[in-house]
Amino acid sequence: MEKLYSDEELLMISGIQHYYYCKRQWFLIHVEQLWEDNIYTVRGDVLHEKVDNPFILESRKDRFISRSVPIVSYSLGFYGVSDAVEFMVDSEGYYIESKKNYFKVIPVEYKSGKPKKDNCDAVQLCTQAMCLEEMLDIKINHGFLYYGKTRHRQRIELDLTLREEVLELSKAMHQIINNDRIIQPDYCKKCERCSLKNLCIPKTKTHYKSVKNYIKAKLNDKEDLYA
């Protein structure tokens with residue numbers, strides 16, 4: 001594949017899920033380097049502590065699992081770590097010299113919650129698969145999303161539609177960085193669950209013309225309370 005991005009231009013793979021869920025959330029985390037925990041992020045951290053150990057290598061008769069696998073794609077402009085990659089014996093798969101055999105490569109991403117109605121988790125998994133494809137010069141047809149709340153993993157077909165979505169998201173994210181754009185808050189229902197709510201102050205744009213007016217209104221509220 002054509003190398004479109006340099007090391008300095010690479011973005012974190014985890015950011016594509018943030019960007020899909022909320023562009024403002026992605027901007028605060030990956031551009032402004034801001035972060036706060038809430039119950040949802042803590043649950044995710046606990047789950048990943050259990051699975052993200054690179055020194056744990058599970059092996060069975062026809063497969064083995066590698067955890068915390070570093071991955072990168074210079075055609076997409078992403079880098080990061082795959083929670084787990086399963087290698088299953090397959091005569092048409094990727095040849096691993098140390099194993100003296102061919103293996104099908106299957107990425108697995110762990111999530112603490114439950115399956116989503118949109119593709120925010122699927123695009124992250126697909127991005128990981130596309131990175132592995134570029135690194136190993138192989139084709140990956142599917143991967144799995146494991147959800148801690150249901151303790152069940154969901155098979156995700158990495159079809160053309162999903163891959164095109166990843167490409168469009170990659171282009172949009174890099175354009176924002178290259179053009180020094182600032183993503184403004186845009187309040188909606190899901191803001192109430194976001195750990196960055198107090199940093200983002202999403203209602204400043206929706207209900208007020210400026211941050212100055214937002215602060216002024218809040219000060220007036222307090223004055224009325226103690227009057």
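Every number here is computed from the coordinates shown, using simple stated rules; none is lab data. The model shown is predicted, which means the values in this text are computed figures rather than measured ones. Because the Cβ atoms are built from the backbone with ideal geometry, glycine has one as well, and the counts that use them run over all protein chains shown.
Quick notes on this structure:
- Charge tally in the Cβ shell below 11 Å around Glu92, where Lys, Arg are +1 and Asp, Glu are -1, Glu92 excluded: +1
- Stokes-Einstein D (µm²/s) once Rh is taken as the Kirkwood radius of the range 7-183 over alpha-carbon pairs, at 10 °C in 1.306 mPa s: 94 µm²/s
- A prolate overall shape is assigned to the range 112-165, the ratio a/c of its alpha-carbon gyration tensor axes (a ≥ b ≥ c) being 1.5 or greater and a/b exceeding b/c.
- Each of the peptides 71-77, 8-14, 95-101 was scored by the mean count of other Cβ atoms within 10 Å over its residues; in descending order, highest first, they stand as 71-77, 8-14, 95-101.
- Across the range 89-187, C-alpha contacts under 8 Å between residues 6 or more apart give a mean separation that, scaled by the residue count, equals a relative contact order of 23 percent.
- For the residue pairs Lys111/Lys171; Lys116/Lys171; Lys116/Lys189, alpha carbon separations beyond 18 Å are given by Lys111/Lys171; Lys116/Lys171.
- 12 Å beta-carbon shell around His30, net charge (K/R +1, D/E -1): +1
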